[in-house]
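The values are calculated or read from the model by the stated rules, or taken from the named source; none is laboratory data. None of the values given here were measured: they were computed from a predicted structure. Ideal geometry is used to build each Cβ from the backbone, glycine not excepted, and the neighbour counts take in all protein chains shown. Heads up: the accessible areas ignore ligands, DNA and RNA and are worked out on the full protein's heavy atoms, side chains in. Shrake-Rupley method; radii C 1.70, N 1.55, O 1.52, S 1.80 Å.
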Amino acid sequence: MSSSRAVSCSSKANFRSLFNHQHRHKQQQQGVRKQRRCWSSELHRLFVNALHKLGGSQVATPKQIRELMQVDGLTDDEVKSHLQASS
């Protein structure tokens, strides 16, 4: 019984290793990862104001928030992440 567990663990380790290799290769093909956005107090203030105008986090979508904020280069994913962190 213990030998079957060893094979199973070994198979999982091999899968993880292959997955990590493929993931690193994919990142290299896509280029360098985007740098994480730093939410300044001014940027957060714009976020909160937009959220308030839209009726709160229960009804506002990341796209609506981003459009109200009018910040160049801001993405829906960045707004979504900040929305989750602020909740």
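Within the stretch 72-87, track down each residue that is of a type outside the set (Ser, Thr, Tyr) and either open to solvent by 40 Å² or more (accessible area, probe 1.4 Å) or part of a helix (DSSP H, G or I) (or both). Break it down stepwise before answering.
Let us first name the residues in the stretch 72-87 that are of a type outside the set (Ser, Thr, Tyr), namely 72-74, 76-80, 82-85.
Within the stretch 72-87, Asp72, Gly73, Asp76, Asp77, Glu78, Val79, Lys80, His82, Leu83, Gln84, Ala85 qualify.
For the stretch 58-68, which positions are out of contact with any Lys or Arg (no Cβ under 7 Å at 6 or more places or on another chain) and surrounded by 13 or more Cβ atoms within 10 Å (Cβ to Cβ)? Full working, then the answer.
Pass one, the stretch 58-68, residues out of contact with any Lys or Arg (no Cβ under 7 Å at 6 or more places or on another chain): 58-61, 63-67.
Matches in the stretch 58-68: Ala60, Thr61, Gln64, Ile65, Arg66, Glu67.
Sort out which residues of the stretch 36-71 are over 16 Å from Ser87 (Cβ atoms), hydroxyl-bearing (Ser, Thr, Tyr) and not in a helix (DSSP H, G or I), and write them in order of number.
Matches in the stretch 36-71: Ser40 only.
Filter the stretch 40-57 down to residues that are within 16 Å of Glu78 (Cβ to Cβ) and open to solvent by less than 60 Å² (accessible area, probe 1.4 Å), then give me how many there are.
Here the count works out to 7.
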